[in-house]
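The values are calculated or read from the model by the stated rules, or taken from the named source; none is laboratory data. Source: prediction; values computed, not measured. All Cβ positions, glycine included, derive from the backbone under ideal geometry; neighbour counts span all protein chains shown.
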Amino acid sequence: MDISLRIVIPTLLLFVLFIVDLGEGHKWCPERCGDHGPDIRFPFRLIKDRQPDHHGGFDLYCNDKNDTVLELSTSVKAFVKKIDYKSQSIEVTDSDGCFPRKIWGLKLNLSSSSFQFKNDLSDYALFKCTPDTESSYYLIPCLSSFSTPVYAFPSERDIDDLSILSCTKMYSVSSVPFYIWRSHSLQLTWSGSECGRGEVKGKNCRFQENSTDVRTECKDKGSSLGSFLLILVIYALYRVYRYDKTEKENQARIEMFLEDYKALKPTRYSYNDVKRITNQFTEKLGQGAYGTVFKGKFSNEIHVAVKILNSSKGNGEEFINEVVTMGRIHHVNVVRLVGFCADGFRRALVYEFLPNDSLEKFISSVDSNRFLGWEKLQDIALGIAKGIEYLHQGCDQRILHFDIKPHNILLDQNFNPKISDFGLAKLCAKDQSAVSMTTARGTMGYIAPEVFSRNFGSVSYKSNIYSFGILLLEMVGGRKNVDVTMENTSQIYFPEWIYNLLEQKEDLRVYVEDNEDAKIAKKLAIVGLWCIQWHPVDRPSMKVVVQMLEGEGDKLTMPPNPFASTGPTRINVSMPARRLNQELEVILESE
């Protein structure tokens, strides 16, 4: 704090004590709703004859039954049972007796509220189960019925340790206390109660001398001169506080900029650093053609994924691509490259750690417990699209990934998607209409036709859009819960089969629970078919794809038939929705 503030503030405080002594006949008493309601005093305010003008603040009001009401969000009203001004905590009960139902409807959200949960917080996944499920400890009584119990399982628990084989995941909830699932009351806290000379959570606290807003006068007001001088002193303290706070905010802004500037470039580590980070390569996460991935950590809170590249593979091009490309990318839907190692022939890449592995694990498994739900799949598809759009338009140079597939889409703790593995990426100018390539690159089944043969057009950013379209169709088809056998498998190309179903207004025959799920599946399929048009010029840009995914599926039109067959193909009703991992035949270029 500046030395002038150290002098001014104590002087003003002594002056306040003098003024308060002059007005010792000036006393106040707290208000309350009914005889048994909690005392309502600063920083809370009791609103008379009307409801609060804003939600989530410190305004309270009395209902017809003299209950003290606090609005936690637009549609969530809670009854205040107890206010502890010393510990700055408040106990509230739900007007309907079931806080989990408010969370279920996503109505109770304290992220922008002045109040926060008091106890330890965790993330939970809610499952709807059958009566034979034995997990009474996690049962939510007010959401359950005899035939359909509902459970809240901690997200950090290994899904294989839980008895949820006969359960269906409903949704996930972040940062709530465990007791909320059973208790009829909540313990909330607030901060900054000394706001007579400042602000609380960004909400303006009324000055304590305003009797109509904060307290009710019980006795004579005392000296009017003392009150006037008290107002001046409080105003002066407020201005001093605001000045000091502004200076601190400016300093914090500069520090944040310096940290961000430092983080623009990934850190270079030695091989000994890599061994220390991975604890001598103890925990292996996976292995691919170009290297092995190990889990590492900088501290107990910060975990990373370290990819040790095979020195015998390639000439270092993948390593250079990854560092150059990802070192300039900062987007919520792209994996962040934390650092790298180039120590002699040893090379490694250090990424942020994403605990939920890749998208492939959740769309290629027949295990229904891994199904994320159609709304989450739609969110994932939109996140991937926004990430690709950023690669195409958000950087100084356009970044073409050339290996978009479920295996390269990683999921964070909230199942938000992040694009990874830029080893095959190429950079080009935004106004460059075509990219020069000597050999085809990518994974069979996701490679655009023009990458194999220029007869279809030039290789460009539209080649990534084709791969994204195949990924969308695989997200749709991967949910068909039937066995792929010789008896019920047709040789028809899966995207063409989907196209024929939509064109003839047939049911997609994928795993859906209601009409809204069916609409999402149909929208993803139509967008995917637009993206896999054979000729690049017929495919939409990624910006248009994002708009299609954000819009209403009912307004989407069917694309032209992108397949070679001219007549309608007979639909085999028993054909399963197969995974799109079949290889495309390499098309030779004509002379």
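Which condition number does residue 347 fail, the rest of (1) charged (D, E, K, R); (2) in contact with a strand residue (DSSP E or B) (Cβ under 7 Å, 6 or more places away or on another chain); (3) outside any strand (DSSP E or B) being met?
Only one criterion in (1) charged (D, E, K, R); (2) in contact with a strand residue (DSSP E or B) (Cβ under 7 Å, 6 or more places away or on another chain); (3) outside any strand (DSSP E or B) is unmet by residue 347, namely (3).
Okay, residues lined up against (1) within 22 Å of the chain's Cα centre (by Cα); (2) surrounded by 12 or more Cβ atoms within 10 Å (Cβ to Cβ):
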position: 119; (1), (2): no, yes
position: 125; (1), (2): yes, yes
position: 135; (1), (2): no, yes
position: 140; (1), (2): no, yes
position: 147; (1), (2): no, no
position: 156; (1), (2): yes, no
position: 169; (1), (2): yes, yes
position: 173; (1), (2): yes, yes
position: 182; (1), (2): no, yes
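Scan the range 333-347 and report the pairs whose first residue is farther than 13 Å from residue 266 by Cα and whose second residue is at pLDDT below 85, with Cβ atoms within less than 6 Å and a gap of 6+ or a chain change.
345/311; 347/309; 347/319
Considering each of 424, 410, 391 in turn, give the residue that is over 17 Å from residue 472 (Cα atoms) and in contact with a Lys or Arg (Cβ under 6 Å, 6 or more places away or on another chain).
Result of the check over 424, 410, 391: 424.
Condition (residue is in the same structural domain as residue 431 (by TED's automatic domain parsing), closer than 24 Å to residue 288 by Cβ and either of a type in the set (D, E, K, R) or in contact (Cβ under 8 Å) with a residue 60 or more places away in the chain (or both)) applied to the range 368-377: is it met by at least one residue?
yes
Kindly evaluate residue 423 against the criterion of being outside any helix (DSSP H, G or I), among the small types (Gly, Ala, Ser) and touching a residue at least 24 places away in the same chain (Cβ under 8 Å).
Judged against the criteria, residue 423 is a match.
Please go through the range 267-284 and give me each residue that is loosely packed, with under 15 Cβ neighbours inside 10 Å, in contact (Cβ under 8 Å) with a residue 24 or more places away in the chain and either assigned to a loop (DSSP other than H, G, I, E, B) or under 27 Å from the mean Cα position of the chain (by Cα) (or both), ordered by number.
267, 270
Under 9 Å between Cβ atoms, at least 6 apart or on separate chains: pull out the pairs that start in the range 516-529 with a residue that is on the phi < 0 side of the Ramachandran plot and buried (at least 21 other Cβ atoms within 10 Å of the Cβ) and end on any residue that is of a type in the set (Ser, Thr, Tyr) and part of a helix (DSSP H, G or I).
As it stands, the answer is 525/499; 529/499, since those pairs meet every condition given.
If I go through the range 476-523 residue by residue, how many of them are of a type in the set (Ser, Thr, Tyr) and at pLDDT 80 or above?
Of the residues in the range 476-523, 1 are of a type in the set (Ser, Thr, Tyr) and at pLDDT 80 or above.
Going residue by residue through the range 373-387, is there one that turns out to be farther than 22 Å from residue 323 by Cα and part of a loop (DSSP other than H, G, I, E, B)?
Among the residues of the range 373-387, at least one is farther than 22 Å from residue 323 by Cα and part of a loop (DSSP other than H, G, I, E, B), which makes the answer yes.
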